[in-house]
Amino acid sequence: MARYTGPVCRLCRREGAKLYLKGDRCYTGKCAVDRRTYAPGQHGQGRKKISEYGLQLREKQKARRIYGILEGQFRTYFSKADRQQGITGHNLLRLLERRLDNVVFRLGFARSRNEARQFVLHNHFTLNGHKVNIASIQLRVGDVIQLKEKSKDTPLFKEIVASLGQKTPPAWLELDVNNLSGRVVALPNREDIDTTVQEHLIVELYSR
């Protein structure tokens, strides 16, 4: 499976914003965006004023990097969102939010989306009682994900479970700390999605 394997802090610096790709580290003084506020590369400190197209492109790249998906996947999501009823930008974010790896992250079972994707690929969760290892699966209302019994005793998950509940999941998700499970109770609305993306710029980019 193709994926980005370079330094993720470089991605945050390129977008000029925290994308929270390293989990808890992004909240500390070690965050690369706080330490070096300019873009990476030889000419990072001398970039000129960005054009309208550049703004649209950067917003699309930001969304891609936040959710950790490649260009072809992102274009497929946009095409699907464009065919659905409603506002295309909102539909796009709703599709991205309903990915299994994102739901694992939103519920607090992982400290970043990259970590959540790895957990899913390594079969640490079940979906509606069945084994699942596909991070891009779209969850529907009523779907239940649960941490496997054999995974609960690993040192990493013991640490994560101890911190469950410290961060409140979004309104469209329900967390059961006792059973280490989560359920999709509704489709996410735009106000439920705290991702710092201006989706209308992405729509404008693909409408050019």
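Selection of segment 165-196 for residues being at pLDDT below 90 and either among the hydroxyl-bearing types (Ser, Thr, Tyr) or surrounded by 13 or more Cβ atoms within 10 Å (Cβ to Cβ) (or both) yields THR168, THR195, THR196.
The criterion of at least 1 residues that are over 18 Å from the mean Cα position of the chain (by Cα), acidic (Asp, Glu) and more than 21 Å from GLY86 (Cα to Cα) is met by the following strands (runs of 3 or more DSSP E) wholly inside segment 138-205: 173-176.
What number of residues within segment 110-143 satisfy the criterion of being without any contact (Cβ under 8 Å) to a residue 40 or more places away in the chain, crowded, with 16+ Cβ neighbours inside 10 Å and under 16 Å from ASP176 (Cβ atoms)? Total meeting the criteria: 3. Among the β-branched types (Val, Ile, Thr) and under 14 Å from VAL103 (Cα atoms), is that true of VAL161? Considered against the rule, which asks whether it is among the β-branched types (Val, Ile, Thr) and under 14 Å from VAL103 (Cα atoms), VAL161 comes out as no.
The values are calculated or read from the model by the stated rules, or taken from the named source; none is laboratory data. Quick caveat, the model's predicted, so the values are computed rather than measured. Ideal geometry is used to build each Cβ from the backbone, glycine not excepted, and the neighbour counts take in all protein chains shown.
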